[in-house]
Amino acid sequence: MPNPPRLAVDVRGIDLNPALKELVAKVGANDPTIRGIRVGQFGPGVVRLVVDLKQMVAPQVFTLAPVAAYQHRLVFDLYPTQVADPLETLIAERLQEAPTAPVPSPLAVDPLGELIAQKARPPSLTAGTGTSPSGTSSSIATSSISTGARGQKEQKKLLPQSMSVPAPAATDRLIIIALDAGHGGEDPGAIGPGGTREKDVVLRLAHRMRERINASNVNGNAMRAFLTRDADFFVPLHIRVAKARRVQADLFISLHADAFFTPHPQGASVFALSQGGASSSAARWMADKENKADQVGGLNIKARDMQVKRALLDMSTTAQIRDSLQLGSAMLGEIQRVGKLHKPRVEQASFAVLKAPDIPSVLVEAAFISNPAEEAKLNSDAYQDQLADALMRGIERYFSKNPPLARSRSM
Ligand SMILES: [Zn+2]
């Protein structure tokens, strides 16, 4: 309803309860879309929910079946009507890739970090959607509310990340490694018998890898890590991919910990994307499990699929998969020296997070969090260090055989 913009919803068959009343207090003052929420018992068995808005939206409503710790959920996605078209965003990114690369400011404290920041500046902020003072890292700025308890939505600035390593001398080519710590926020991932949460151990591993990457180079070309999330918040799978593409990452590495119903399975696995079916039923099962993250976070799966399909339009993934298999094998070879392998070869399945058509992408299941011995290892600083070292050596081995090509991202 316009004047003033608001969304009014009558939910039938329920009475006002504490969970609904708590919604009112969950709106942040800096929410880009929602001004406030009112709830009331409108009539017998009818609750009226009024969402006061800062701008007009095209709302979508859908339900989610129980998953993980969540019960039945009713979800409203509020898409600003002035949002940039995802395909146009992609094209704009390509245009920015034109041979005349912008010259970094000589005043930049960290020229490499500055360059990443330039690449990462979300185009949507200039498209009239950004009323949020903190900005939003998503090219489709949405607000989402649900009647279930939601964790932190991502409200962090994409950049600057903490860049603690001093900038090396000028380089020809900056190598960017996207590190994708799985799960986060309301999606804890797998939980070990001792209570260890996958989202926590993989974030610690990502931070360790960031230190190593930021201190490394390939043939004199500096490397920088780019984290799709650097704290405990929910990021939809396609946004993880979009972020990596926005900074034109050279590699995409998604970090996870495996789980099974019995405590015995152990060892690491590495997955690449498959163009058709999965390489094994176990691989398909794993992809289904990891792809569920969006349901846990409360994402409209239909909308997501559409966006992914559009992004993949006319793009071949054959070369991506070939490179990803090489990266995965190099990593498995190194992990083997510090721990056990669950599968000796890179497996393939349709992981949503591996679908950047132009970035070699692997998903690493570092160990079985459901195995008490491996849960303890995942928690230990010593093993985390060994694992980060091994993955780093895998990256270096990959680049020694596949030297990064020159790009316009020169300085
Ligand atoms: Zn996972």
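The values are calculated or read from the model by the stated rules, or taken from the named source; none is laboratory data. On a predicted model such as this, the values are computed, not experimentally measured, just so you know. Every residue, glycine among them, receives a Cβ derived from its backbone with ideal geometry; neighbour counts consider all protein chains shown. The protein model used for the area step is the full one, side chains on, heavy atoms only, and it has no ligands, DNA or RNA in it. Shrake-Rupley method; radii C 1.70, N 1.55, O 1.52, S 1.80 Å.
Below is a table of values for the structure above.
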quantity	calculated
Extreme residue, nearest to ALA352 (Cα to Cα), among residues of the stretch 253-282 that are more than 15 Å from the ligand (Cβ to nearest atom) and not in a loop (DSSP other than H, G, I, E, B)	LEU273
Count - residues of the stretch 21-48 that are at pLDDT 90 or above, of a type in the set (A, V, I, L, M) and open to solvent by less than 30 Å² (accessible area, probe 1.4 Å)	4
Tally of residues being within 21 Å of ASP288 (Cβ to Cβ) and charged (D, E, K, R) across the stretch 183-216	5
Within the stretch 255-290, tally of residues that are among the acidic types (Asp, Glu) and touching a residue at least 60 places away in the same chain (Cβ under 8 Å)	2
Residue within the stretch 376-390 that is on the phi < 0 side of the Ramachandran plot, of a type in the set (S, T, N, Q) and modelled with pLDDT under 90 present	no
Residue match in the stretch 6-27 (condition: touching an Asp or Glu at 6+ places or on another chain (Cβ under 6 Å) and not aromatic (Phe, Trp, Tyr))	yes
The stretch 243-288: number of residues that are over 18 Å from LEU341 (Cα atoms) and among the β-branched types (Val, Ile, Thr)	1
Residue count, the stretch 203-228 (criterion: of a type in the set (Val, Ile, Thr) and outside any loop (DSSP other than H, G, I, E, B))	2
Subset of the stretch 154-176 that is closer than 20 Å to ALA231 by Cβ and either modelled with pLDDT of 95 or more or small (Gly, Ala, Ser) (or both) - its residue that is nearest to the ligand (Cβ to nearest atom)	SER162
Pairs where the first residue, in the stretch 364-382, is in contact (Cβ under 8 Å) with a residue 24 or more places away in the chain and the second is part of a strand (DSSP E or B) and among the basic types (Lys, Arg), C-beta under 9 Å, 6+ apart	ILE369/ARG197
Those residues of the stretch 240-254 which are open to solvent by less than 10 Å² (accessible area, probe 1.4 Å) and either β-branched (Val, Ile, Thr) or without any contact (Cβ under 8 Å) to a residue 60 or more places away in the chain (or both), in sequence order	VAL247, ILE253
Residue satisfying all of: in the stretch 9-20; open to solvent by 60 Å² or more (accessible area, probe 1.4 Å) and not in a loop (DSSP other than H, G, I, E, B); nearest to ARG48 (Cα to Cα) among these	ARG12
Residue within the stretch 345-368 that is open to solvent by 30 Å² or more (accessible area, probe 1.4 Å) and part of a strand (DSSP E or B) present	yes
Failed item in (1) within 16 Å of the ligand (Cβ to nearest atom); (2) free of Cβ contacts under 8 Å to residues at least 60 places away in the same chain; (3) among the β-branched types (Val, Ile, Thr), with VAL353 passing the rest	(2)
Candidate set from the stretch 178-202 (those that are over 19 Å from ILE335 (Cβ atoms) and assigned to a helix (DSSP H, G or I)); member that is farthest from the ligand (Cβ to nearest atom)	ASP200
Some residue of the stretch 229-236 being part of a helix (DSSP H, G or I) and of a type outside the set (Asp, Glu)	no
